[in-house]
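**Student:** This is the structure I want to talk about, given as structure tokens.
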Amino acid sequence: MAVARRKLLQSRQVGTLLLFLCVSVGGAATIRYSVAEEMESGSFVANVAKDLGLEVGKLAARGARLVSEGNKLHFRLHRKTGDLFVKEKLDRESLCGKADPCVLHFEIVLVEPLQSFRAEVRVFDINDNAPIFPNKEPLLKIPESTPLGSRFPLQSAQDLDVGLNGLQNYTLSANAYFHLHTRFRSHGPKYAELVLDKPLDREEQPEVNLTITAVDGGSPPKSGTAHIRVEVLDVNDHVPQFSRLVYRAQVPENSANGYLVATVTATDLDQGSNKEITYSLSQNPEAILQTFQIDSETGEVRLRGPLDFEAIETYDIDIQATDGGGLSAHSKVLVEVVDVNDNPPEVTISSVSSPLPEDSPLQTVVALFSVRDRDIRVGGKITCFLRDDLPFAVKPTFRNSYSLVTDRGLDREEVSGYNITLVVMDTGPPSLSTETVIEVLISDINDNSPIFQEDSYILTVRENNSPAVFIGKVHATDLDLGENAQVTYSLLPPKSGDLSVFAYISINSDNGKLYALRTMDYEAIQDFQFVIKATDRGFPSLSSQVTVRVVVLDDNDNRPMILYPLQNGTLPCNDLVPRSAEAGYLVTKVVAVDGDSGQNSWLSYHLLKATDSGLFSVQQQNGEIRTLRQISERDPMMQKLIILVQDHGQPALSTTASLNILLVDGFSEPYLQFQDPSKHPTRVNPSTKYLVISLAVLSFLFLLCVTVIFIIHIYHKIKYKEKITIQEHFYDDCNFPNHLIQGGANGSLSQPCSYEMCSATGTGTSEFRFLKRFMPTFPFPHGTGEVKTETGSSLPPDSDRNRSRGSEGHAQVSDDYM
């Protein structure tokens with residue numbers, strides 16, 4: 001049976017399975033054995049009875065049994081022979097992971113008498129795992145402007161084996177752009193970096209395909225490959241820059257998931273999407289990816305899984321920051337896992353000064369407190385600081401005693417109180433802390449001036465208002481409290497010393513309501529402004545000012561005024577129309593203005609009464625009088641028209657103008673052929689003779705009027721020494737200047753017209769050859785001063801009524817009508 005047993009054991013230990021027996025037996029020493037992993041169930045390990053110095057059969061007699069430190073036994077003992085066998089197939093990676101050496105502990109317990117022996121079996125690693133890349137086809141985006149020598153960390157290959165059987169080296173497929181550089185981590189597998197040897201050119205080669213191979217040190221060696229695709233990006237001017245090359249953090253091993261380890265910050269000088277930074281934990285081992293996570297937007301590195309100080313003491317985390325254009329930068333976060341102690345520091349608050357005036361000087365003591373840590377030996381040195389960025393600081397006074405003082409200026413209007421979080425931390429390991437909240441209120445002082453809701457106010461009031469009418473309100477607020485925030489209002493006198501504003505406006509000092517003290521007249525004053533002062537009741541008081549502009553709105557309180565035909569009754573205005581005139585013939589134009597403005601000055605013209613209502617019509621918009629039909633012999637010679645001129649105000653105001661029209665035979669035939677008197681004897685019509693006499697008289701009177709007007713004009717020019725420019729305009733359609741267009745400031749499209757009758761001498765018919773019509777121009781002074789009329793009266797500026805009245809003084813001939 002012994003020979004058969006040896007053959008069976010030899011058959012189970014073939015191939016790569018090696019059995020190493022290292023026996024060390026002593027009185028209280030531990031019995032140590034070594035086996036290779038992957039040994040099949042039933043494989044022979046050693047003869048325990050021989051190693052313990054016991055005879056065969058003693059183990060069974062004394063009830064020997066195996067007791068494991070864990071819940072599971074990996075070996076079994078044959079009591080009769082004392083042989084130790086593998087109970088089940090051993091896998092070192094599942095038993096110990098990356099821990100090396102991998103040792104399984106158990107005890108051999110004998111009874112009758114009771115005796116125990118410690119034993120351990122070291123499981124040696126064999127090369128049964130090939131390196132594996134977690135990402136078989138990684139993608140790298142590299143800008144074409146990347147400088148030579150730039151390094152790009154690659155994700156480490158994972159090899160479950162340890163020692164020489166673990167990952168040893170990387171190789172890269174032949175290419176013209178990159179070579180491979182292998183680097184070591186303090187804790188973790190080796191990793192490779194791509195180093196740029198040749199400039200990239202996206203237009204020449206937009207993509208580079210590489211193959212990286214990870215090789216272990218087994219015999220024979222095993223390997224794993226990954227296909228790297230390098231995408232060449234267009235140029236992006238700036239690469240993200242980390243605020244630090246290396247971030248360091250200490251994290252207690254009992255920290256919960258979500259614990260903030262560190263916050264990395266990278267900036268990019270580009271604009272738009274190229275400035276947006278995205279953080280990632282790329283190219284890190286699987287153990288780091290399972291333990292930590294990073295917020296892609298804020299860069300906050302937090303715990304994702306539990307920490308184990310006994311397993312891993314430090315973590316070397318690669319952080320990648322990528323901008324919107326694909327450029328990336330790398331930094332490291334070195335995380336030190338520290339052990340824990342039991343008691344956090346204790347804080348005792350002695351006194352707190354609250355409320356605290358907002359004008360307190362720097363280094364004013366706010367609170368006094370003391371700190372005690374019961375873990376004297378473990379806790380180490382105690383540090384105190386404030387968790388938030390507040391205008392306070394912690395200042396040590398004497399051993400374990402501190403004061404909380406002001407570090408920056410206070411402003412109650414910004415923050416009326418603070419909940420100051422005081423953090424007291426020992427040095428551990430691990431570092432424990434206690435947070436204490438100290439509430440401090442800020443008291444107010446008068447340090448803010450009243451602020452008006454608007455930079456300036458524009459108020460409106462309609463003319464002809466009732467005295468003491470409410471026209472608007474100003475309002476100012478003060479950020480202070482109590483009396484410091486109570487505001488009073490007052491009117492400031494003008495800098496010129498003119499106190500006339502107090503005669504127009506009154507203000508309620510408590511609520512800022514404004515009242516008009518007198519009736520406004522738009523034609524006298526269109527707007528005015530003044531300054532209001534808002535003052536608080538603090539000590540010393542503070543104030544601010546604002547400008548208020550009052551705009552007077554126009555009412556329809558002026559009737560239209562007829563400029564032509566003149567309605568003063570001293571000289572009748574007659575217009576001549578040839579009987580041969582066709583329908584639509586322009587007879588004359590009624591000109592009127594309105595002292596109001598806007599819609600109140602828009603004028604319309606209507607034929608109110610006529611000798612023959614079917615003979616003439618009036619254009620509603622411009623006041624032109626035209627013939628509706630051809631004049632006949634039956635039509636009376638004298639035609640009298642009454643024109644109604646009406647504005648568009650509410651209610652509408654109107655006035656009338658009277659006009660006489662004479663119908664003349666042959667007046668509008670300036671191109672009649674000359675008749676020879678010898679062939680055609682002249683026959684004088686008696687009516688024609690009287691007509692000529694009457695026209696001559698009218699012409700004489702007209703010339704007399706023109707002469708008188710001219711003399712008056714020269715007189716005023718000498719008296720007031722004003723330079724008045726008289727412009728002559730000739731209009732075929734008798735249009736009035738632009739400043740009298742209907743709907744404008746002066747209200748009318750019409751123009752006043754006078755006629756000069758000139759007889760054509762040397763004709764056989766002795767009839768009129770042409771008719772001249774004259775249009776006066778009215779000089780209007782411009783500027784910010786008063787407008788003076790021809791009669792010398794003064795009116796406020798920008799008044800439409802003044803312009804209309806100023807134009808009544810004189811008229812000059814300026815338009816010819818052929």
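**Student:** Among V437, V469, V424, which is the only one that is surrounded by 13 or more Cβ atoms within 10 Å (Cβ to Cβ), within 24 Å of A367 (Cβ to Cβ) and not polar (S, T, N, Q)?
**Tutor:** Checking each option against the conditions leaves just V424.
**Student:** While we're here: Specify the residue that is nearest to S350 (Cα to Cα); the eligible residues are those in segment 442-468 that are in contact with a Lys or Arg (Cβ under 9 Å, 6 or more places away or on another chain) and part of a strand (DSSP E or B).
**Tutor:** I442
**Student:** Can you tell me which residues in segment 74-93 are of a type in the set (A, V, I, L, M, F, W, C) and closer than 20 Å to N129 by Cα?
**Tutor:** Across segment 74-93, the qualifying residue is only L90.
**Student:** Name the single residue that is farthest from V371 (Cα to Cα) among those in segment 396-429 being assigned to a loop (DSSP other than H, G, I, E, B) and touching a residue at least 60 places away in the same chain (Cβ under 8 Å).
**Tutor:** My answer is E413.
**Student:** Follow-up question, since we're still on this one. Determine which member of the set L180, L140, L167 is in contact (Cβ under 8 Å) with a residue 60 or more places away in the chain and within 22 Å of I288 (Cβ to Cβ).
**Tutor:** L140
**Student:** Got at least one residue in segment 74-85 being among the acidic types (D, E), over 17 Å from V109 (Cβ atoms) and either in contact with a helix residue (DSSP H, G or I) (Cβ under 8 Å, 6 or more places away or on another chain) or open to solvent by 30 Å² or more (accessible area, probe 1.4 Å) (or both)?
**Tutor:** Yes, the conditions are met somewhere in segment 74-85.
**Student:** Please note which strands (runs of 3 or more DSSP E) are completely contained in segment 185-297 and include at least 1 residues that are under 17 Å from V333 (Cβ atoms) and not aliphatic (A, V, I, L, M).
**Tutor:** Of the strands (runs of 3 or more DSSP E) lying wholly inside segment 185-297, those with at least 1 residues that are under 17 Å from V333 (Cβ atoms) and not aliphatic (A, V, I, L, M) span 191-196, 246-252, 260-263, 278-280, 292-294.
**Student:** Write out, first by first residue and then by second, each pair whose Cβ atoms fall under 7 Å of each other, whose residues are 6+ apart or on separate chains, and whose first residue, in segment 251-270, is closer than 17 Å to S431 by Cα while the second is part of a loop (DSSP other than H, G, I, E, B) and of a type in the set (S, T, N, Q).
**Tutor:** These pairs meet every condition: P252/S431.
**Student:** Ok, one more. Please give the number of the condition R244 fails out of (1) of a type outside the set (D, E); (2) surrounded by fewer than 17 Cβ atoms within 10 Å (Cβ to Cβ); (3) in contact with a helix residue (DSSP H, G or I) (Cβ under 9 Å, 6 or more places away or on another chain); (4) farther than 22 Å from K98 by Cβ.
**Tutor:** (3) is the only condition that R244 fails.
**Student:** For the structure I just gave you, tell me whether F369 is more than 22 Å from L481 (Cα to Cα), touching a residue at least 60 places away in the same chain (Cβ under 8 Å) and surrounded by 16 or more Cβ atoms within 10 Å (Cβ to Cβ).
**Tutor:** yes
**Student:** Would you check which residues across segment 634-657 are surrounded by fewer than 15 Cβ atoms within 10 Å (Cβ to Cβ), in a loop (DSSP other than H, G, I, E, B) and among the hydrophobic types (A, V, I, L, M, F, W, C) and list them?
**Tutor:** M637, A652
**Student:** State which residue is farthest from the chain's Cα centre (by Cα) when the search covers only segment 151-182 and only residues that are exposed (fewer than 14 other Cβ atoms within 10 Å of the Cβ) and assigned to a loop (DSSP other than H, G, I, E, B).
**Tutor:** Per the stated criteria, the residue is A174.
**Student:** What pairs come up if the first residue lies in segment 194-206 and is acidic (D, E), the second is part of a strand (DSSP E or B) and surrounded by fewer than 16 Cβ atoms within 10 Å (Cβ to Cβ), and their beta carbons are under 8 Å apart, counting only those six or more places apart or on different chains?
**Tutor:** Final answer for the pair search is D197/H179.
**Student:** Among residues belonging to segment 183-207 that are modelled with pLDDT of 90 or more and surrounded by 18 or more Cβ atoms within 10 Å (Cβ to Cβ), point out the one that is nearest to D318 (Cα to Cα).
**Tutor:** Restricting to residues being modelled with pLDDT of 90 or more and surrounded by 18 or more Cβ atoms within 10 Å (Cβ to Cβ), the top hit is L194.
The values are calculated or read from the model by the stated rules, or taken from the named source; none is laboratory data. Please read all numbers here as calculations on a predicted model, not as lab measurements. All Cβ positions, even for glycine, are placed from backbone atoms using ideal geometry, and neighbour counts span all protein chains on display. Side chains included, ligands, DNA and RNA excluded: accessible areas come from the protein's heavy atoms. Shrake-Rupley method; radii C 1.70, N 1.55, O 1.52, S 1.80 Å.
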